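Enquirer: Please see the structure below; I have some questions.
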Amino acid sequence: MTVDDTSSLAMDSVTTLVAGQRPGWTLEGDFYTNRDMFRLESNQIFRRSWLYAGHASRIPKRGDFFLYETASESIILIRGDQGLVHALHNVCRHRGSRVCTASSGRSEKLVCPYHQWVYDIDGSLLKARLAPEGFDRSSFGLKRVSVCCLEGLIFICLDANPPDFASFAKRVGPQLRPQHLEAASVVHSRRYELRANWKLVVENSRECYHCGAGHPQYCRAVAFAAGIDSPRVAEEDRMRTLEHIRRLASIGIEARPVPFVKDSWFHCRRFFLRPGFESESMDGQPVAPRMAELPGSELGALAVVAYPNFLLEANSDYAMAMRFTPLTEVATRVDMEWLIDADAAKSEAVDVERLESFWRLTAEQDWRLCEENQRGVETMGYEPGPYAPDEKGVEQFVGWYLRQIEKVAA
């Protein structure tokens, strides 16, 4: 199915589903269970949006590479000359074989295993074995993919005309910079495959209506998990948060939230931690040497969301990056990465259990909720229900999602 081929899903059905969506209510079941809707989303959203591919520390030297794979696409992320990161379709221009078969590695040249066509690390074709006289190698380099890096975070876009990235860099970059993520290194990762539609996973991450019962240890650490404007936030927490923002602003650190606007795909804000907590950890104490500019009690945790596949929470001592990849209409892969200061990663033994325990527990609590949610929306008993006031983030995501689908249905 090509990017613009939506013939397998009748457009009148899409139009009816979108037009029938009741504001302030959850999506119809077909959005979470229909295979053709999933194919449409893969084309309209995941092939046209900026996608988080991974952290630059995975490819520190020239020739280092890793593969990022989503839907049927396989992309080579490889470090080139002058530190540039290249993103290349993992498809030989001869007969279409995959060029890189390992998920990561290092190579001075990219050699197709089928007929040994040889490519430079920027994708240009160096050698086409037994090619006829006059063969124009310059016309057969690996196809390039748009790539942008922000503070060590690598994003790619598969579309020939990607959406604007500059606004994301301009608004979110200053908030990321004090976290020193560009000087961090991935020291631990974990992969999950959930039996849940990708939208249910994103929706779960966009509200904390469930946090009191679902994440008791998270709520012990974070001062206002529900958001500063939530009626459930204690006035003491609200005033402490405003004081943190003023104090950071006085020393040149931007800490005001970057909200979603109608057509934007990104958001960030700081969660300030409760007294006694310097980091998002089980005991509130740092789990790694400091990598951010300010003490943990001052800096709190920075949360960044970028639709459709990225979530980050960065503390003064570590960061957790999360990537969502749809597999089918009822399956989603989630990759989690833990980052600490790169020099500390080289010189000190990392206590992985302490490092990952807070977010591993939080994530696995969420995965159970998402999978139970999927089981429910698949049944005859499911019908859309109203959002609660603390689910404004879900409403915002659903609105963004429907606008992407409407572009096809229009």
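Enquirer: Using the Cα centre of the chain as origin and beta-carbon charges of +1 (Lys, Arg) and -1 (Asp, Glu), tell me which of 369, 219, 126 is placed farthest towards the positive end of the dipole.
Expert: 126
Enquirer: Using a Gaussian network for the chain with springs between C-alpha atoms less than 10 Å apart, which of these wobbles most: 318, 218, 114?
Expert: Residue with maximal mean-square fluctuation among 318, 218, 114: 114.
Enquirer: From zero outward in steps of 10 Å, how is the percent of C-alpha pairs of the chain spread across the bins?
Expert: That works out to 4, 21, 30, 25, 14, 4, 1, 0, in percent per bin.
Enquirer: Charges only on Cβ, +1 for Lys and Arg, -1 for Asp and Glu: so what's the dipole of region 51-150 about the Cα centre, in debye to the nearest 20?
Expert: Here the size comes out at about 160 debye.
Enquirer: Let's test this: bin the Cα-Cα distances of region 310-374 at 5 Å from zero up to the farthest pair and state each bin's percent.
Expert: All Cα pairs considered, the percentages come to 4, 13, 23, 23, 15, 10, 6, 4, 1.
Enquirer: Taking Cβ-Cβ under 4.7 Å as the only way to count a partner, pick out the unpartnered cysteines of the chain.
Expert: Among the cysteines of the chain, those whose Cβ sits 4.7 Å or more from every other are 100, 148, 149, 157, 219, 268, 370.
Enquirer: Distance cut-off 29 Å, Cα to Cα: go down the list 61/170; 61/143; 109/407; 61/199; 127/170; 170/392 and report the pairs above it.
Expert: Check vs 29 Å cut-off fails for 109/407; 61/199; 127/170.
Enquirer: To the nearest 500 deg cm²/dmol, what mean residue ellipticity at 222 nm is calculated for the chain from DSSP H runs of n ≥ 4 alone, each contributing -39,500 (n - 2.57), summed and divided by the residues?
Expert: Result for the chain, helices only: -8500 deg cm²/dmol.
Enquirer: Here is a follow-up. Whole angstrom only: what separates the Cα centroid of region 71-101 from the Cα centroid of region 345-410?
Expert: For region 71-101 versus region 345-410, the Cα centre distance is 30 Å.
Enquirer: Taking each pair of distinct Cα atoms in region 166-404 once, what is the resulting Kirkwood hydrodynamic radius in Å?
Expert: For region 166-404, the Kirkwood estimate is 18.5 Å.
Enquirer: Just the Cα atoms of region 51-150: what Rg and Dmax do they give in Å?
Expert: Expressed in Å, the Cα Rg and Dmax of region 51-150 come to 13.2, 44.
Enquirer: Could I ask something else about it? Please report, in debye to the nearest 20, how large the charge dipole of the chain is about its Cα centre when each Lys and Arg carries +1 at its beta carbon and each Asp and Glu carries -1 there.
Expert: 1000
Enquirer: Taking the Cα atoms of region 109-226, what is the range of coordinates along each of the three principal axes, in descending order and whole Å?
Expert: So the three principal-axis extents are 70, 36, 31 Å.
Enquirer: At what distance in angstrom do the alpha carbon centres of region 34-59 and region 133-168 lie from each other?
Expert: Using only Cα atoms, the two centres lie 15 Å from each other.
Enquirer: Take 355, 84 and order them by how many other Cβ atoms sit within 10 Å, fewest up front.
Expert: 84, 355
Enquirer: How high is the FRET efficiency from residue 124 to residue 351, r the C-beta distance, R0 51 Å, rounded to 0.05?
Expert: 0.70
Enquirer: Ok, one more. In what order do 282, 322 fall by count of nearby beta-carbon atoms within 10 Å, going from fewest to most?
Expert: Placing the least packed residue first, the sequence is 282, 322.
Enquirer: Can you sort 372, 356, 133 from fewest to most other Cβ atoms within 10 Å of each residue's own Cβ?
Expert: 133, 372, 356
Quick note: the coordinates plus some simple rules give every number you see, no bench work behind them. Everything numeric in this text was worked out from a predicted model, so none of it was measured. When we count neighbours, we look across all protein chains shown, and the Cβ atoms used for this are built from the backbone with ideal geometry, even at glycine.
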